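Visitor: Below is one structure. I have some questions about it.
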Amino acid sequence: MEAGVTEKGMTANFIPKGVAHVAVAPVAEPLRMTFVLLPNFSLIAFSSAIEPLRIANQLAGQALFQWEVLSETGAAVACSNGVKLQVDGALGETRPKTMVFVCAGVEPEKSASRRVADWLRGQWRQGRTVGGLCTGAYALAKAGILEGRSFTLHWENLPPFMETFGHLRPLEQLYCIDGRILTSAGGAAATDLFIEIVAKNFGDRLADAVLKMCLHGQQRPADLRQRMSLSSTLGIRNPVLVEVIRQFEENLEQGVDIEGLAASLGVSRRQVERLFQRYVGMSPKQYLNGLRLERARGLLTETDLPVAEVAYGCGFNATNTFTKAFRARYGVSPRRLSARHGGASAAEA
């Protein structure tokens, strides 16, 4: 039996009352879900995952799904907004066919402990379906079960993840289903993944009804990019400018030959500079440096990489140049920011 779950009254506890109803054939046994909450987990990712299960049960009037919520030690867990959630118990045995989901959030490298990773690997070896919500892929990677798999995590954490796990290449999409590995980028994308789970197990009619109850609009495809296109984000429709910015984002470390890129797009460097001033309000170089500093900040807060390595990895040729630019943008030196997150000693700051 799962930790924290008793047989008595088990079924009734998972069927809230509601007005709407969808006829679903009686199930012999509900699908079981175990959610493992890591410190600083994303509350929106967790609730976006578990609420479709609650709604599915409510609409069907029966326990299609049962779930338990665990933490590493069984203690309450604080999510990234500071709210503490009580859990049903500590890591332990799960029943056959249970689907296990790790929900993480900020600072996932620190929150995904070796004990959690080892437990996940054990669940995987026992034939469980294992998943990660938001940055839960860190725990799956530490467990050693992502090799050769399609998976995803929140776009903000993609660069530090790839620095930490250089042999793994996550996809920047809403969610991935690869056999017994299920991952979601977090936020509302968890709803898309769990609507898919409802559909695969109990049909499109129920899934569509759950979607409507969530006021989710429509279910988005798994391979939809997490971030809007540059043209949507910046309100830009000029194809030349969009392509230059795309090249910047994909080549932060080595940089871009603006002269050569402009020529390949059939314009002059001067025209590119005018486009940046008109639509972005800065020069191409300023924009590129801004992208590099954003990437550097993410690496400093989410990895233990030395400042010099971060600087060079983000396209800066000298550490002092990087430090000066970083301090001007964020009001703190990169060493001090790294020290706040355990990456440098006070003496280094």
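Visitor: Collect residues whose amide H, placed 1.01 Å from N in the peptide plane, falls under 5 Å from the amide H of Arg32; neighbours closer than 5 in sequence don't count.
Guide: Correct list: Gln66, Met99.
Visitor: Which ordering of Arg205, Arg114, Arg128, Arg121 is given by a fewest-first count of other beta-carbon atoms within 10 Å?
Guide: Lowest count first: Arg114, Arg205, Arg121, Arg128.
Visitor: Within the set of other residues whose C-beta is less than 13 Å from the C-beta of Lys285, count the net charge using Lys and Arg as +1 and Asp and Glu as -1.
Guide: Here the charged neighbours net out to -1.
Visitor: Before rounding to the nearest 500, sum -39500 (n - 2.57) across all DSSP H runs of length at least 4 in the chain and divide by the residue total; then give [θ] at 222 nm in deg cm²/dmol.
Guide: So the calculated ellipticity at 222 nm is -12500 deg cm²/dmol.
Visitor: What does DSSP give for the chain in terms of the percent of beta bridges that are antiparallel, rounded to the nearest 5?
Guide: Of those bridges, close to 25 percent are antiparallel.
Visitor: For Arg125 and Arg169, FRET efficiency with R0 = 35 Å and r from the beta-carbon atoms, rounded to 0.05?
Guide: 0.90
Visitor: Now a separate question. Just in the stretch 43-94: which GluC sites (Glu not before Pro) are loop by DSSP and have at most 12 other Cβ atoms within 10 Å?
Guide: Glu93
Visitor: Residue by residue through the stretch 51-59, which ³J(HN,Hα) values in whole Hz follow from phi under the Karplus form 6.51 cos²θ - 1.76 cosθ + 1.60 (θ = phi - 60°), with glycine and proline marked x?
Guide: So the J values, rounded to whole Hz, are 5, x, 5, 4, 5, 4, 4, 4, 5.
Visitor: Please give the charge dipole size of the chain, origin at the Cα centre, charges +1 on K and R Cβ atoms and -1 on D and E Cβ atoms. Round to the nearest 20 debye.
Guide: The dipole magnitude comes to about 580 debye.
Visitor: What do you get for Rg/Rh over the stretch 12-213 if you use C-alpha atoms and the Kirkwood form of Rh?
Guide: 0.96
Visitor: Given the stretch 130-284 reduced to its alpha-carbon atoms as identical point scatterers, what log10 I(q)/I(0) does the Debye formula return at q = 0.08, 0.12, 0.17, 0.21 Å⁻¹?
Guide: Values returned for q = 0.08, 0.12, 0.17, 0.21 Å⁻¹ are -0.34, -0.68, -0.98, -1.18.
Visitor: Another question about this same structure. Once phi is turned into ³J(HN,Hα) by the Karplus curve 6.51 cos²θ - 1.76 cosθ + 1.60 with θ = phi - 60°, what whole-Hz value does each residue of the stretch 164-179 show in order, with x for glycine and proline?
Guide: Once rounded to whole Hz, the list reads 6, 10, x, 8, 10, 10, x, 9, 8, 9, 5, 7, 9, 10, 10, x.
Visitor: Which one, Asn57, Asn251, Asn40, has the greatest fluctuation when you compute a Gaussian network model over the chain with C-alpha springs under 10 angstrom?
Guide: Asn251
Visitor: Next up: With r defined as the distance between the Cβ atoms of Leu215 and Lys17 and R0 fixed at 25 Å, what FRET efficiency is calculated, to the nearest 0.05?
Guide: Using R0 = 25 Å, I get an efficiency of 0.80.
Visitor: Could you calculate, for the stretch 61-155, the ratio of the Cα radius of gyration to the Kirkwood radius, expressed as Rg to Rh?
Guide: Across the stretch 61-155, the Cα-based Rg/Rh ratio is 0.96.
Visitor: Quick one: angle between helix 284-302 and the longest Cα principal axis of the chain, in degrees between 0 and 90, rounded to 10, please.
Guide: That works out to roughly 40 degrees.
Visitor: What angle do you read, to the nearest 10 degrees and between 0 and 90, between the alpha-carbon axis of helix 319-330 and the longest principal axis of the chain?
Guide: Value to nearest ten degrees: 60.
Visitor: A further question on this structure: In degrees, nearest 10, range 0 to 90: what is the angle between the Cα axis of helix 239-250 and the longest Cα principal axis of the chain?
Guide: 80
Visitor: Hey, what do the phi angles of the stretch 25-39 turn into as Karplus ³J(HN,Hα) couplings, whole Hz, using 6.51/-1.76/1.60 and θ = phi - 60°, x for Gly and Pro?
Guide: After applying 6.51 cos²θ - 1.76 cosθ + 1.60, I find 4, x, 9, 6, 8, x, 6, 9, 10, 10, 9, 10, 8, 9, x Hz.
Visitor: Restricting to the stretch 31-87, compute how many DSSP beta bridges are antiparallel as a %, nearest 5.
Guide: Taking every DSSP beta bridge within the stretch 31-87, about 20 percent pair in antiparallel fashion.
Visitor: For the residues Cys214, Cys176, what sequence is obtained by ranking on other C-beta atoms within 10 Å, fewest first?
Guide: Ordered from fewest to most neighbouring Cβ atoms within 10 Å, Cys214, Cys176 come out as Cys214, Cys176.
Visitor: Further question on the same structure: Would you mind ranking Leu265, Leu299 by Cβ crowding within 10 Å, fewest neighbours first?
Guide: Leu265, Leu299
Visitor: Same structure again: With r as the distance between the Cβ atoms of Glu51 and Gln254 and R0 = 41 Å, compute the FRET efficiency 1/(1 + (r/R0)^6) and round to 0.05.
Guide: Rounded to the nearest 0.05, the efficiency is 0.40.
Visitor: How much net charge surrounds Leu174 when only other residues with a Cβ under 9 Å from its Cβ are counted (Lys, Arg +1; Asp, Glu -1)?
Guide: Around Leu174, the charge tally is 0.
Taken together, the values in this text are just the output of simple stated rules run on the coordinates, not laboratory data. Keep in mind that what you see is a predicted model, and the values were worked out from it rather than measured. Cβ atoms come from the backbone with ideal geometry, glycine included; neighbour counts cover every protein chain shown.
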